[in-house]
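Just below is one structure, and these are the notes that go with it.
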Amino acid sequence: MSTQAPVTAPPTERKKVTTQTLRRKKERGEVISMLTAYDYPTALAIDQAGIDVILVGDSLGMVVLGYPNTLPVTMEEMLHHCRAVSRGAKSAMLVGDMPFMSYQVSTQEAMRNAGRFLQEAGMDAVKLEGGSERLEAVIAIVSTGIPVMGHIGLTPQSVNQLGGFRPQGRNGAAARRLLEDALRLQDAGCFSLVLESIPSRLATYISQQLEIPSLGIGAGPGCDGQVLVTHDLLGLFDRFTPKFVKKYADLHGEMKRAFADYRTDVESRLFPASEHEVDMPEEEWRRFLEKKENRE
Ligand code: KIV
C-alpha cells in the first residue's frame, strides 16, 4: 500500500484551484481531473469529489437542452447555467465555455462576452474553440486579465466544416497543424488546452512539447489531464455514447425505473403513505368541524 499523501486533499481542506495549481500539477507529473456541470447539485457533487476543474461546457446544448449540436447555444443560456454551477462549487476552478458566435465576430465582442462569464456568472476562466484563427481573440481576452483555455482537435462548433463529429489529426499534415496550433495558442497566453478526439500518440507528443497542461477527451492517457462530459459518464445522455467515454453509472435507466415505480405507487394508491402526510392535532380538527357546522 502507498504511504504517499493523496494528490487531492479531502474536499473540506481543499484550497481553491487556480491556473497556478494546474501548472504545478503538470510540473510534478500529477494528473488533472476535469468534468462538465450545468447545474447546482451536479457542481456540488463534483466539487465535493475533489475534481480539479468544472467546465460549464456548451455541450449543455446537447445533453441538457436537447439541441442536435452545440451551435444554437446562446450567451444567456450559458450564463444562466454558469450561475447555478458557481453556487454549488467552492474549490474547483470554474471554466465557462464561450458559445458559437460569441468570440468569432470581433475581438471587442470576444472581450465583452468573456468578461460577462466572470462578472455576471462567477466563472474563473473561459474556454474557446479553434487554433491559429483564434489567436487575436485569445490575446485580447488574456489582455483583460481573463484566463483562457484553448480547445483544438474535434471542435464541435465547427461540426459542419469538419463534416461531422469525427476524429482529427490522423494524417501527417493535419497532425503538424494541430501541433503548431497548440504552440501558438500557448504563446498567445492560453493557460491550458483541451485536445479532443485526436490520436493518442499525437496528444502525448503535443503535451510533451507544451509547458501549459493539456486536457484530453478522446486523446489517450498521455495528456496532462482528462475531461469527460458528465452526462456521458453518468449514462444520462440517451442519444449516443462516443467511443472514448467510460460509463460509471446508468442514471438514464435508474431514472426510468424510479419514475415507473412512482407511477405504479400513485396509481395503486401506495403513495403517499402515512409517513408522507401532514399531521393535525385531533382537537384542532374538531374545532375546525365545529366552526364549519356553526356556519351551516
Ligand atoms: O462543451 C464541452 O463539454 C466541451 C468538452 C467536451 C471539453 O467542450
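The values are calculated or read from the model by the stated rules, or taken from the named source; none is laboratory data. Quick caveat: nothing in here was measured; it's all calculated off a predicted structure. Note that each Cβ is placed from the backbone with ideal geometry, even for glycine, and that neighbours are counted across all protein chains shown. Ligands, DNA and RNA are stripped out before the accessible areas are found, and what is left, the full protein with its side chains, is counted by its heavy atoms. Shrake-Rupley method; radii C 1.70, N 1.55, O 1.52, S 1.80 Å.
The slack between GLN104 and GLN119, meaning 0.36 nm per residue of separation minus the straight C-alpha distance, is 3.4 nm. Convex hull volume of the Cα atoms of the chain, normalised per residue: 220 Å³. DSSP beta bridges confined to the chain are antiparallel in about 5 percent of cases. Quick one: check the C-alpha center-to-center distance for the stretch 226-283 versus the stretch 44-118, whole angstrom. Here the two parts' Cα centres lie 26 Å apart. With a cut-off of 12 Å on the backbone N, the residues of the stretch 134-164 near the modelled label site 7 Å out from ALA174 along Cα-Cβ are 153-155, 162-164. Rg and Dmax of the stretch 110-240, based on Cα coordinates, read 14.8, 43 Å. Each 10 Å bin from 0 upward holds the following percent of the Cα-Cα pairs of the stretch 1-123: 13, 39, 32, 13, 3, 0. Helix 75-88 and the longest principal axis of the Cα set of the chain meet at an angle near 70°. The accessible surface of the stretch 102-144, taken with every protein chain in place and a 1.4 Å probe, is 48 percent carbon and sulfur.
Taking Cα atoms only, the orientation of helix 200-209 departs from the longest principal axis of the chain by about 70 degrees. Given R0 = 51 Å, the distance between the Cβ atoms of ARG23 and LEU65 translates into a calculated FRET efficiency of 0.90. Would you be so kind as to identify which of SER158, LEU233, GLN209 lies farthest towards the positive end of the dipole of the chain, taking Lys and Arg as +1 and Asp and Glu as -1 on Cβ and the Cα centre as origin? After comparing all options, I get GLN209. Basic side chains Lys and Arg get +1 at the Cβ, acidic Asp and Glu get -1 at the Cβ, and with that the dipole of the stretch 1-122 about its Cα centre reaches some 540 debye. Loop-resident GluC sites (Glu not before Pro) (DSSP state other than H, G, I, E or B) in the stretch 174-249 with no more than 14 further Cβ atoms inside 10 Å of their Cβ: GLU211. What the Cβ-Cβ distance of PHE259 and ILE139 gives, at R0 = 35 Å and to the nearest 0.05, is a FRET efficiency of 0.10. Given a cut-off of 30 Å, name the pairs among LYS26/LYS256; LYS16/LYS243; LYS26/LYS90; LYS127/LYS256; LYS15/LYS243; LYS127/LYS246 whose C-alpha atoms lie farther apart than that in the structure shown. Correct reply: LYS26/LYS256; LYS16/LYS243; LYS127/LYS256; LYS15/LYS243. Annotation: SER143 carries an accessible surface of approximately 90 Å², with a 1.4 Å probe and no ligand, DNA or RNA atoms counted. The mean accessible area for residues of the chain, using a 1.4 Å probe and ignoring ligands and nucleic acids, is 55 Å² per residue. Computed with every protein chain present, the accessible area of LYS90 is close to 130 Å² [probe 1.4 Å].
Relative to the Cα centre, the charge distribution of the chain, modelled as +1 at Lys and Arg Cβ and -1 at Asp and Glu Cβ, gives a dipole magnitude of about 1080 debye. LYS291: accessible area at probe 1.4 Å, nearest 10 Å²? Looks like 130 Å² after rounding. Between the beta carbons of LYS16 and ARG112, assuming R0 = 30 Å, the FRET efficiency works out to 0.70 to the nearest 0.05.
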